[in-house]
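Below is one structure, written out as structure tokens, with a few remarks after it.
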Amino acid sequence: MFLFKLPNVIWVLLHAYGGLSLSGLVKSVAEINEIDPKDRENVISNLGSQIDRWLEVQKLYKRNSCINAISAISRYFVCLCNKRNGTFLTGLYLFTKLVYAGSVIGQFFVLNAFMATNYTMYGYEVLNSLLSKRPWRDSPRFPTVTFCDFEIRQLQNVQTFTVQCVLPANLFNEKVFIFMWFWLSLVTLVSVFSLLKWLYISTYKPSNLRYVKKYRTIVGKFPLRTERRLFKRFVHQYLRDDGVFVLRMLARNTTDIVIALLIDNLWQNYVGQQKRQLKNGSWSKNETNQLASD
């Protein structure tokens, strides 16, 4: 039971180091639909400001040559959990998924070994035997037939008799473990599928762009041709992997409209920042070249 709980413990203990109370945000967006529509816009604006501050703080950590090298690698390997490059929460979540999959696969093989039969895959062999109408081999862990000693008093003597007896409780116990074997098989498939799904989502960068664009479309605000480069910068350099990950987590606990409005709020914040930087002349030559190459 502890092995099933371990990944959750890892996530709860470590995700706070990402600098954002994700559980608090999830609770807030889950309650938005119950709030008066007049106050809903203010709540979304506050959430947007909170996420905006968090995104900006992640970029303020001090850097050195070693950190720069790790950041460069983490752009391609999100599992490195790098705050500065916006992959901490994403990498931690992937690691948690990996621990879930590893835990259930390990328990699956431990259970198979515990049954101590000659079957390589115990549950599969039992099912195959049933379909073939052949008796399956009993597990030595759950003997169904044994010898029992009885003492019977006859006059002045006590006679000991050894007879064959059945252990019906072990018939039931064996069925329980067979069910557990198939249950762990199902959990293994689900865990591995979930890991591969999130690995694809997290490492395939265009998926982040499509995800954010989908919600911009929901509120009827399509990126204009002149905004495409800025929109790419918004997703890849402002939100980054962790920002999109947070939006995905929030989307699981509220409606699409709320997430679309939240993304629109973040977009307006980002555009405002770019206008202020342009007005103040704080654009560097390097940033200008990056914008042109997006």
Among 92-102, 192-202, 166-176, how do they line up by average Cβ neighbours within 10 Å per residue, starting with the highest?
92-102, 192-202, 166-176
Viscosity 0.890 mPa s, temperature 25 °C: what is the translational diffusion coefficient of segment 210-267 from Stokes-Einstein with a Kirkwood Rh over Cα pairs, rounded to a whole number of µm²/s?
214 µm²/s
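Past the 18 Å Cα-Cα mark, which pairs from 38/213; 5/97; 27/59?
Numbers: 38/213 27 Å; 5/97 12 Å; 27/59 26 Å.
Result: 38/213; 27/59 exceed 18 Å.
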Once you place label points 7 Å from the Cα toward the Cβ at residue 132 and residue 105, how far apart are they in nm?
2.8 nm
With θ set to phi - 60° and the Karplus curve 6.51 cos²θ - 1.76 cosθ + 1.60, what are the ³J(HN,Hα) couplings of segment 21-26 in order, to the nearest whole Hz, using x for Gly and Pro?
7, 5, 5, x, 5, 4
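Any read-out appearing in this document is the output of simple, stated calculations on the displayed coordinates, not a laboratory observation. Quick caveat, the model's predicted, so the values are computed rather than measured. Note: ideal-geometry Cβ built from the backbone for every residue, glycine included; neighbour counts use all protein chains shown.
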